[in-house]
Amino acid sequence: MPSKLRELSLEEVGRSLHSNAIHLLRDVRTEDSAMGIGPAQASALSVVVFGGPLSLNELAKAEQVRPSTMSRIVEALVREGLIRRETNRDDRRSIIISSTDKGTKIIHEGRSRREKRLIKLLSQLDADEIRCLGRASRILSRILVAKHS
């Protein structure tokens, strides 16, 4: 007779999701070394590629770092030819950061490698477990979208 799993409390679910999210990210980000840039640079570049052009301050806020820290990250990405800085037409005192074709290509390739690694992990699950994770993913997306609305 199969054993029943006990229901987890809200706190236990939160703790478990937090721990598993960290471990999952650590696992899939092992693929990032193929990009040839560090984690902070990859994260900032990803924000620019998927979020579109933005100011240095907006990028620093998105990455939860100080503008001076982001300035160093941006400088390294410019040297690598992955992003460009342009004067903001609306406010000539600020710059707009956007991705180059090379930067966009690197991030999309990196994302593809991460997704393939994740799919390989998920391929160990049965159909019911995959459906359950699909539902959980939609639920998480819904609450995250609501938070940012």
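Every read-out reported here was derived from the displayed coordinates using simple, explicitly stated rules and does not represent laboratory data. Quick caveat, the model's predicted, so the values are computed rather than measured. No Cβ is skipped: glycine too gets one built from the backbone with ideal geometry, and neighbour counts run over all protein chains shown.
Under a crude label model (7 Å from the Cα following the beta-carbon direction), how far is I139 from E80 in nanometres?
The answer from the label model is 3.7 nm.
Residues with amide H under 5 Å of I83's amide H, sequence separation 5 or more or different chain, H placed in the peptide plane at 1.01 Å from N; which?
Close amide H contacts, sequence-distant or interchain: V78, T100.
Looking at (1) -0.21, -0.26, -0.78; (2) -0.32, -0.40, -0.93; (3) -0.43, -0.46, -0.81, which value of log10 I(q)/I(0) by the Debye sum over Cα atoms at q = 0.08, 0.09, 0.15 Å⁻¹ comes from a calculation on the structure shown?
Here the calculated entry is (2).
When the Karplus curve 6.51 cos²θ - 1.76 cosθ + 1.60 is applied with θ = phi - 60°, which whole-Hz ³J(HN,Hα) does each residue of segment 23-40 get, with x for Gly and Pro?
With the stated coefficients, segment 23-40 comes to 5, 5, 4, 4, 5, 6, 6, 4, 6, 5, 4, 5, 6, x, 10, x, x, 5 Hz.
Which order do peptides 77-84, 47-54 fall in by mean Cβ count within 10 Å, highest first?
77-84, 47-54
For the chain, build the charge dipole from Cβ charges (+1 Lys, Arg; -1 Asp, Glu) around the Cα centre, then report which of G103, L118, A136 sits farthest towards its positive end.
The listed residue farthest towards the positive side: G103.
Order these by the 10 Å Cβ neighbour count, fewest first: E31, E109.
Listed from fewest to most nearby Cβ atoms, that is E109, E31.
If one takes the longest principal axis of the Cα atoms in the chain, at what angle in degrees, from 0 to 90 and to the nearest 10, does the Cα axis of helix 101-122 lie?
10
Can you compute the charge dipole magnitude of the chain about its Cα centre, using +1 on each Lys and Arg Cβ and -1 on each Asp and Glu Cβ, nothing else charged? Give it in debye, rounded to the nearest 20.
140
Across the chain, how many lysine pairs, 8 or more positions apart or on different chains, have C-alpha atoms separated by under 24 Å? Please give the number.
For the chain, qualifying lysine pairs total 4.
Let a ≥ b ≥ c be the square roots of the eigenvalues of the Cα gyration tensor of segment 92-149; is it rounded (a/c under 1.5), or, if not, prolate (a/b larger than b/c) or oblate?
The shape class here is oblate.
Which value at 222 nm does the chain reach when only helices count, each DSSP H run of 4 or more adding -39,500 (n - 2.57), with the total divided by all residues and rounded to the nearest 500 deg cm²/dmol?
-21500 deg cm²/dmol
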